[in-house]
Amino acid sequence: ETKFRISVDTGPNHVRNITLRTFIERLKEASGGELVGELFESGQLYAARDEPKAVARGDIEMTVTTNSSVAAFSADLNLLDLPLFSGRSPDQVNALLDGPLGQQLSKGVEDKLGVVVPGRWFLLGFASTFGASKDIKSFADLKGLRIRVPGGAGFIARYRALGAEGVSIPFADVPLALTQGTIDALLTTNETLRSGKLHEAGVKSAFVDQVSVLYYIPLVNKAFWDKLTEEQQKQFRDAWESVILEERAEAMRRQDAAAQENAENGVVIYEPDPEELAKVNAELLALVPEIAAQLDVDPATVKLAQDEIAKLN
Amino acid sequence: MARVLAIVDAIEFWLIAIFSSVALLLACLAMIGRYIVPGLLLDWTFEVTIFATIWATFIAGARVAGMGEHVRVDTLLVHLPGRVRCWLAIFACLLGIATAAFLFWSGWTVVEEAFRWDERTTSSLRLPLWIYYLSLPLGMALLAFHLLVRSAQLFSGSVRDDDVAQNH
Amino acid sequence: MTTQIILGSAALFGLLAVGVPIYVVLAGLAIVLLIAEGGSVGGIGQDILDHMNSATLLAIPFFVIAAGFIQGGGIARSLINMASAWIGRFPSGIPMAALLATGLFSAINGSSVATVLAMGTLVVPEMLERGYKRPFALGLTAAAGTLGILIPPSMPLVVYGLVSETSVPRLFLAGLLPGLLQMACFAVVIMLMARRQGGEARAFLGWRGVARANVVALPALSVPLIVLGGIYGGFVTVTEAAALSAAVALAVSLFFYKSLRVTAIPNVVVQGMSRTAAILLIIAGADLLADWLARAGLATQLAMLVTQSELTQTQFLFMMAGVLLVLGTVLEGYSIILLTLPLTLPILDALGIDRVHYAIIMVIGIELAMLTPPVGLNLFVMAEVSKAPFSEVERGMIPFFIAMLLMWVLVIFVPEISTWLPDLVLGAAR
Ligand code: NA
Ligand code: NA
């Protein structure tokens, strides 16, 4: 029997945790009880930021962590913060990341950190702009607002182009900053808004501008992986692949349910005018080379992404 | 020897003062900058503030150890004769040196790995994190140095273990 | 595992007893245990560095430096003189003022350590100068410093909110009444004790004297007013408030009271940083030990023991209170929340216990943990700030600790103390 530890920073009810438990179960079954995963939840062991290193060192055997925490090592992952994907549905971005683009990004992570990415990525959902101090009904309403972004200079540059100021304050400061008006809005997902009960901190509107799609990337320690037999590695990959579509469907379902619950809590949803959305996203594309250079994204990767996106249209 | 120690102390003092002041000034700059020049991309001030603070912290922590001022439980100590206290203090210094030595090794590993993995911050500056991490091995080297000096002083009798409590 | 616990505890108590500095005991012990558990060499240093890379810890040295400016720059003196003019007639006057100041400071920061470091720098020297006995002054300040995490803002409540999916504004509102209740309890203790602790009634200065003390204190009053206004007016975040308070305190000391010379600034800064560093090293050691506990799953097993036994609401809450007390002897705030809360949440729901109510129970448990040996951060902070023997702080804290225990029981039995205000302002939780 081989035990391995998986660490995530979300609580037991999160879609990531629930799916991981299914994965552990299926892998145990497929390996005839040989491969036994143990889930450490709620950030008991590590914050998201620290998970990739812990796996690379072997302090834990596996994590499934946010694309932004992996981007600290593999700059190409900053690609996901670029306005390239803005306005794309999760289904479209999923398709891109399941293809050559995603494979190249995963390969980059493997090479950089010396870890194994055993398969496709979990989906969290798309992030949009949520307004507190005033309702955001159109792109014009963004002008002059101070908006909290999750890390990333990519998002800050985007909002600056739209006349708003992106600030990256710690998430722990967000509820109070919203209550007191230190920030006017934030970039996040419906599910994060719901679980943080941010409507009680003053969030009143959702502007569905679909800024970015967020993912969780599976990382496995290389030494642990190499100790497995080829048979076991295959069982591992198969068990992982078996939960991917369920996870993505459940993530989408939860985001929809969260949007509905937020609406019941008084968060008014504003859909941007499709023509305006297309126009703004097209304009933002001009920013891509500049931000990509600033974030050290390989131009070849940007090119690959652009080519793949072109195929979608 | 006393001259060397005085010079080390002065260098440490000014490093702590400079790092702390830089941290404070940057934090204020971020606050004011938001109102005066809203367009300025100041997303990096926070992490530089943290970098400066951690450097100040580790240097100050080592310096405090040199003065024998780290907090300890003295409930039992106060009832012991001076000689026993002195030996216990030397023992404590040696444990401290062992801990510092391990953390030096450990911190150095972190620096090396961050260098190898090219780990960077998420701001527009994309600062290399080994600059931040380097504070741990250097702080621990400084700590070991101070503890070594102090145990020599305790051994030779030039300082007493209870000097601190009586000075304040 | 049992062997590790027995050997570990023996080493912990033994080394502490023979006077090995606390940071060495905690870090050294944790390193041995983590290596035995299969942890990597680099991972241990990384743990320390990652824990320190946080906005909450960043605020601590700033607040302490601010307190240094306030204390050295005449601001504290003029504020205390003002308080003394009003209530110096009563033997309990100055400790009451200290308690009030601590309550106010708690409203601008969310950390117990920052509060007790800053207040230890500020009010303890004033109380000693006015003849109060040292254990009393130290014990009061160590215990009152815990208000930092009960009176909003509060970092442990933020972490609780994140883990339990409870809204942070609701939790902050919930902490307000219990915070005031704790201040009231302490006020009673002070009134009962002050006279025997060196508190002396002073002659009333007359209303003219009161007026003059107030005028002199006006610039000093601007420090708390600007910082409170900055936070609650939405101009600065909680993290920035620390830097703001240092800047305002420095400006007021330099330009109004002129009792702080420019050449003295580096000294104040280095002293503040040194005090913080001494405590941060202890926190780093405590974090390492907590990491080992997380990996070994000990706290989790203890919590599971309680959550699996079939208990009524009240029985369960008291059992958990016991668990919090036990864990609190060696663990600090965030570790306690992260290690026990995820397991506890389903039971809370099953027994129909309000998560907001439990949040306050937990935070008071964490407050008590800051005061219990062997690892009680507030006790260490007071010993560090005052250079007084650890045992004096411990002794002086006991009456206040007992008052907090009684308050805890009250808060457990009467959920409304915690839930009434948030339900009133935000509506009942769904
Ligand atoms: Na507070
Ligand atoms: Na304790």
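Miscellaneous remarks
- Helical mean residue ellipticity (222 nm; -39500 (n - 2.57) per DSSP H run of 4+; nearest 500) of chain C: -26000 deg cm²/dmol
- Separation between Cα centres of the stretch C:54-78 and the stretch C:187-232, rounded to whole Å: 19 Å
- Interface area, C with A, accessible, probe 1.4 Å, both sides summed, Å² nearest 100: 3000 Å²
- Ratio of Rg to Rh over the protein assembly as shown (Cα coordinates, Kirkwood Rh, two decimals): 0.96
- Long pairs among A:LYS137/A:LYS197; C:LYS258/C:LYS387; A:LYS112/A:LYS279; A:LYS53/A:LYS311; A:LYS143/A:LYS279; A:LYS53/A:LYS197, criterion Cα-Cα beyond 25 Å: C:LYS258/C:LYS387; A:LYS112/A:LYS279; A:LYS53/A:LYS311; A:LYS53/A:LYS197
- Nearest 10 degrees, 0 to 90: helix B:135-156 Cα axis against chain B principal axis: 20 degrees
- Rounded percent of accessible protein surface that carbon and sulfur make up, the protein assembly as shown, 1.4 Å probe: 64 percent
- Placing A:ASP98, C:ASP47, C:ASP349 in order of accessible area, with the largest value first and a 1.4 Å probe, yields C:ASP349, A:ASP98, C:ASP47.
- Residues of the stretch C:55-94 whose accessible area, computed with a 1.4 Å probe over protein heavy atoms, drops by at least 40 Å² once all protein chains are present relative to their chain alone are C:LEU58, C:PHE62.
- Complex-versus-alone comparison for the stretch C:19-41, residues with a loss of 30 Å² or more in accessible area, probe 1.4 Å: C:GLY19, C:VAL20, C:PRO21, C:ILE22, C:TYR23, C:VAL24, C:ILE31, C:SER40, C:VAL41
- From phi via Karplus (6.51, -1.76, 1.60), per-residue ³J(HN,Hα) for the stretch B:102-116 in Hz, x at Gly/Pro: 4, 5, 5, 4, 4, x, 5, 4, 4, 4, 4, 5, 4, 5, 5
- In Å², nearest 10: area of A:LYS234 left accessible to a 1.4 Å probe: 120 Å²
- With all protein chains kept in place, the per residue accessible area of the stretch B:66-138 amounts to 46 square angstrom at a probe of 1.4 angstrom.
- Entry comment: accessible area of chain A is 36 Å² per residue, from protein heavy atoms only and a probe of 1.4 Å.
- What chain C shows is 34 Å² of accessible area per residue, with the surface traced by a 1.4 Å probe over protein heavy atoms.
- Shielding value for C:335-343 is 3, the average number of Cβ atoms from other chains within 10 Å of each residue's Cβ.
- Sorting the segments B:64-70, C:419-425, C:276-282 by their residues' average number of neighbouring beta-carbon atoms within 10 angstrom, most packed first, yields C:276-282, B:64-70, C:419-425.
- Per residue, the convex hull spanned by the Cα atoms of chain A amounts to 120 cubic angstrom.
- Inter-chain neighbour count for B:11-21: the average number of beta-carbon atoms from partner chains within 10 Å of each residue's beta-carbon is 4.
- Chains C and B together bury roughly 4800 Å² of accessible area, counting both sides, with a 1.4 Å probe on protein heavy atoms only.
- Leaving ligands and nucleic acids aside, the A/B contact buries around 1800 square angstrom of accessible area in total at a 1.4 Å probe radius.
- Highest-fluctuation residue, C:TYR132, C:TYR358, C:TYR334 considered, GNM on chain C with Cα pairs under 10 Å: C:TYR334
- Nearest 10 degrees, 0 to 90: helix B:45-66 Cα axis against chain B principal axis: 10 degrees
- Tilt relative to chain C, helix C:206-232 - C-alpha long axis, 0 to 90 degrees, to 10: 40 degrees
- Candidate lysines - alpha carbon under 22 Å from A:LYS28, same-chain residues fewer than 8 apart omitted: A:LYS3, A:LYS222, A:LYS227, A:LYS234
- Projected-area mean, the stretch B:2-166, by convex hull of Cα positions, square nanometres: 12.2 nm²
- Exercise: per-residue mean of other protein chain Cβ atoms within 10 Å, A:176-186: 5
- For A:TYR270, the residues 5 or more places off, or on other chains, whose built amide H falls under 5 Å of its own are A:ALA206, A:PHE207, A:VAL208.
- Simple label model, 7 Å out from Cα along Cβ direction - B:ASP9 to C:ALA211, nm: 5.1 nm
- For A:GLY37, distant residues with modelled amide H under 5 Å away: A:PHE4
- Rel. contact order, % - alpha carbon contacts under 8 angstrom, at least six apart, the stretch A:46-198: 21 percent
The values are calculated or read from the model by the stated rules, or taken from the named source; none is laboratory data. Just so it is clear, the model here is predicted, and its values are computed rather than measured. Note: ideal-geometry Cβ built from the backbone for every residue, glycine included; neighbour counts use all protein chains shown. Calculation scope for accessible area: heavy atoms of the full protein, side chains included, ligands and nucleic acids excluded. Shrake-Rupley method; radii C 1.70, N 1.55, O 1.52, S 1.80 Å.
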